[in-house]
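J.: Let me give you the structure first, and then I'll get to my questions.
The values are calculated or read from the model by the stated rules, or taken from the named source; none is laboratory data. Note that this is a predicted model, so its numbers are computed, not measured. Methodologically, a virtual Cβ is constructed for each residue, glycine included, from the backbone with ideal geometry; neighbour enumeration extends over all protein chains shown. To get the accessible areas, we keep the full protein, side chains included, count just its heavy atoms, and leave off ligands, DNA and RNA. Shrake-Rupley method; radii C 1.70, N 1.55, O 1.52, S 1.80 Å.
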Amino acid sequence: MKRNRTLAVAALAATLALTATACGGSKNDTGGNNKGGAGFNAAVDKVVNPSTQKGGTLNMWTTTDVDSLDPGRAYYASVWNFERFYSRTLLAFDGKPGKDGLKLVPDLAAAQPEIAADGKTYTFKLKPGLKFEDGSVITSKDIKYGVERIFAQDVISGGPTYLINELDQGQDYKGPYTDTDPNKLGLKTVETPDDTTIVFKLAKPNSDFPYLLAMGSAAPVPQKLDTGSKYGEKPVSSGPYKFKSAEPGKGYELVRNENWDPASDPFRKALPDVVKLTVTTNADDMDQQLLANSADLDWAQTGLSQAAQVKVLQDDSLKANTDDPYNGFIRYITLAPSVAPFDNQHCRNAVLYAADTTALQTARGGSVAGSIYGSMLPPNILGSDNYDPFNLTQGKPNVEKAKEELKACGKPEGFKTNIAVRGNKPKEVNSAVALQTALKAVNIDVTVQQYDGKLIASEIGAPDVVKSKGYGLIVMGWGADYPTGSGYMQPLMDGRFIPSNGNSNYAEINDPEVNGWFDQAAQQTDPAKAADLYKKINHKVIDGAYYLPIVADKALNWRNPRLTNVYITDAFGEVDFQALGVNDGK
């Protein structure tokens with residue numbers, strides 16, 4: 001799950017000086033005189049301003065556009081969250097705060113699936129009364145067609161590909177656009193015996209499979225209204241809202257879908273009459289709008305800019321309208337073995353030892369933005385531990401050790417490399433510069449190369465491009481696609497998840513032992529046994545120096561006091577958008 005982040009950069013030193021103030025209370029610490037605010041971190045574990053009041057307009061802002069509104073192509077966390085307004089799936093994460101939000105509940109499905117004794121067949125029955133925005137009935141065939149679309153990676157690229165790996169099973173299915181089946185429903189492993197029944201047949205048991213069906217890649221798409229690669233321009237709604245307008249780079253407006261039946265929906269609140277998302281390129285302006293309560297929420301949920309953080313953390317009444325929870329993301333830098341000299345592990349080791357992790361943390365805003373971390377499995381996922389073989393959490397470089405590693409890799413005088421970073425992500429650019437500065441101490445000369453973040457799938461997500469442009473280092477962040485060790489690590493570490501476009505395994509790790517451990521974990525019915533395998537994967541990958549973890553991420557986000565039903569859901573590591581309402585005192 002890729003986190004969309006665009007933040008202004010200023011006053012880093014002041015932010016660090018205020019870190020203790022920001023992080024020094026309990027979850028429900030009010031931070032002093034809150035003057036009407038619910039309290040610092042109040043939305044972390046409970047609902048702030050519960051209400052059933054309907055009406056009004058929810059105003060969200062963002063400094064970077066969505067990656068795609070097509071449920072099959074989106075990979076930003078906030079888009080997945082946003083999809084809950086207009087896209088439904090067989091199962092969905094419950095609309096509850098904290099860890100309770102991790103539970104999967106029936107959405108389009110009438111009940112939890114019937115699972116065969118061998119664990120390889122899942123059968124769902126659909127609820128009655130399900131309709132698309134045009135009034136047509138949602139059938140099992142629409143869900144199958146939606147799944148089939150993502151097999152057409154030449155057309156529908158950029159989103160998660162787990163279902164391809166689970167369901168292709170040697171068919172080499174290329175999606176409905178080239179399907180020779182008369183109904184364009186030729187994927188053999190998904191059956192629709194009638195319009196209200198859908199059956200998924202797996203090659204082997206996978207205890208994580210239900211989580212895959214809660215992703216947008218399993219959302220129904222009406223074949224007659226599918227526009228292929230252009231579907232994201234105005235996707236067809238199956239949820240409580242539909243698009244009135246969609247203007248990339250400017251904004252999006254959702255209005256009520258009159259064909260949505262609330263009786264069929266287990267958790268969606270659908271309180272506002274209108275949901276607006278405004279896109280701006282001015283992060284400072286967005287923060288001003290937030291603090292003035294002209295905007296309700298930062299849609300990207302990635303935190304106030306450094307300057308705004310300083311202002312908020314110095315004023316208890318402002319702080320009372322913020323939350324700073326761990327969001328399940330790790331910010332990291334990939335070391336790409338496809339780019340010399342990082343094909344030599346000792347050269348990779350040198351970078352990890354030479355890194356100044358305190359400077360890297362500072363680049364992201366200090367401890368208010370995250371804790372220095374030593375491995376690649378977040379603390380909120382079973383199997384994580386304090387593993388830190390490179391002593392990254394000590395917060396300072398080990399120059400002598402780095403020089404020893406340079407000698408071992410045959411580069412005692414150092415070397416040159418490039419670091420790729422999204423140019424519209426200031427904190428990521430800061431991270432690149434911080435590493436560039438630290439590596440100078442061991443004569444590793446790093447050139448910072450910025451690219452447009454909207455091109456992520458075809459830039460750092462294209463292995464051929466990474467190699468041709470010499471991106472030896474890649475700045476990125478990641479959150480679990482679903483809340484298990486495989487949900488977090490598999491896209492980053494499984495060699496079977498390396499497409500030619502839209503790749504997230506930037507290190508191109510393809511270790512048969514690691515791949516096998518993922519398979520073993522998928523067959524476990526005991527979460528503790530699966531966690532032991534995820535721990536082994538995490539340790540082996542960290543030992544291989546493929547990743548330089550920066551911080552376990554936190555984000556100080558503003559919530560307008562007029563918002564109702566505000567809570568952080570662990571399913572997305574941010575506010576659950578669909579639950580929000582607005583109260584203007586009417």
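J.: Which ³J(HN,Hα) values, rounded to whole Hz and listed in residue order, are derived for region 321-330 from phi using the Karplus coefficients 6.51, -1.76 and 1.60 in 6.51 cos²θ - 1.76 cosθ + 1.60 with θ = phi - 60°, glycine and proline given as x?
T.: Ordered by residue, 3J(HN,Hα) equals 9, 10, 9, 9, x, 4, 10, x, 9, 10 Hz.
J.: If all Cα-Cα distances of region 31-108 are sorted into 5 Å bins from 0 onward, what percent lands in each bin, rounded to whole numbers?
T.: Percent of pairs per bin, in order: 3, 10, 15, 19, 22, 19, 8, 3, 2, 0.
J.: Using r as the Cβ-Cβ distance of GLN288 and ALA441, and R0 as 45 Å, what FRET efficiency do you calculate, to the nearest 0.05?
T.: Result of the calculation: an efficiency of 0.70.
J.: Order 150-156, 310-316 from most to least packed using the mean count of other Cβ atoms within 10 Å.
T.: Taking the mean over residues of other Cβ atoms within 10 Å, the ranking is 150-156, 310-316.
J.: For region 303-367, which semi-axes, largest first and in whole Å, follow from the square roots of 5 times the eigenvalues of its Cα gyration tensor?
T.: 36, 12, 9
J.: I would also like to ask the following. Estimate the FRET efficiency between ASP315 and VAL105 by the formula 1/(1 + (r/R0)^6), using the beta-carbon distance for r and 41 Å for R0, to the nearest 0.05.
T.: So, using R0 = 41 Å, E works out to roughly 0.55.
J.: Rank these by accessible area, largest first, 1.4 Å probe: SER140, SER500.
T.: Correct descending sequence by accessible area is SER500, SER140.
J.: Further question: With contacts defined as alpha carbon pairs under 8 Å and 6 or more residues apart, what's the relative contact order of region 251-400 in percent?
T.: Answer for region 251-400 is 16 percent.
J.: Would you rank ASP45, ASP226 by solvent-accessible area, highest first, keeping every protein chain in place and using a 1.4 Å probe?
T.: Per-residue accessible area, sorted high to low, gives ASP45, ASP226.
J.: Do the sum for the chain: with -39,500 (n - 2.57) for every DSSP H run of n ≥ 4, divided by all residues, what is the mean residue ellipticity at 222 nm, to the nearest 500 deg cm²/dmol?
T.: Taken over the chain, the calculation gives -6500 deg cm²/dmol.
J.: Over the heavy atoms of PHE572, what accessible area does a 1.4 Å probe trace out, to the nearest 10 Å²?
T.: Its heavy atoms expose roughly 20 Å² to the probe.
J.: With r as the distance between the Cβ atoms of THR178 and LEU455 and R0 = 22 Å, compute the FRET efficiency 1/(1 + (r/R0)^6) and round to 0.05.
T.: 0.25
J.: Given a cut-off of under 8 Å on Cα pairs at least six residues apart, what relative contact order in percent is computed for region 208-315?
T.: In percent, rounded to a whole number, it is 16.
J.: Still on this structure: So how much slack lies between LYS250 and LEU382, counting 0.36 nm per residue of separation and subtracting their Cα-Cα distance, in nm?
T.: Value of the extension gain: 43.5 nm.
J.: While we're looking at this one, here's another question. Ratio of alpha-carbon Rg to the 2.2 N^0.38 Å globular estimate for region 286-444, to two decimals, please.
T.: This ratio for region 286-444 stands at 1.21.
J.: Further question on the same structure: Can you compute the modelled spin-label distance between GLU114 and HIS539, with each label point 7 Å from Cα toward Cβ, in nm?
T.: 4.3 nm
J.: Starting with the highest mean, order 412-423, 458-469 by the number of other Cβ atoms within 10 Å, averaged over the residues of each peptide.
T.: Highest mean packing first, the order is 412-423, 458-469.
J.: Taking Cα pairs under 8 Å and at least six residues apart, what relative contact order does the chain come out at, in percent?
T.: For the chain, the relative contact order is 24 percent.
J.: On each of the three principal axes of the Cα atoms of the chain, give max minus min coordinate, whole Å, ordered largest first.
T.: 68, 60, 42
J.: Using the Karplus curve 6.51 cos²θ - 1.76 cosθ + 1.60 with θ = phi - 60°, what ³J(HN,Hα) values do you get for each residue of region 521-538, in whole Hz, with x for Gly and Pro?
T.: 4, 5, 8, 6, 9, 9, x, 5, 5, 5, 4, 4, 5, 5, 4, 4, 4, 4
J.: At a 1.4 Å probe radius, which order do HIS346, HIS539 fall into by accessible area, largest first?
T.: Result, largest first: HIS346, HIS539.
J.: A further question follows. Can you run phi through the Karplus equation (6.51, -1.76, 1.60; θ = phi - 60°) for region 365-380 and list ³J(HN,Hα) in whole Hz, with x for Gly and Pro?
T.: Taking θ as phi minus 60°, the curve returns x, x, 5, 5, 9, x, 9, 4, 9, x, 9, 10, 10, x, x, 8 Hz for region 365-380.
J.: What ranking do 106-113, 574-581, 287-294, 167-174 get when scored by the average of other Cβ atoms within 10 Å per residue, highest first?
T.: 574-581, 106-113, 287-294, 167-174
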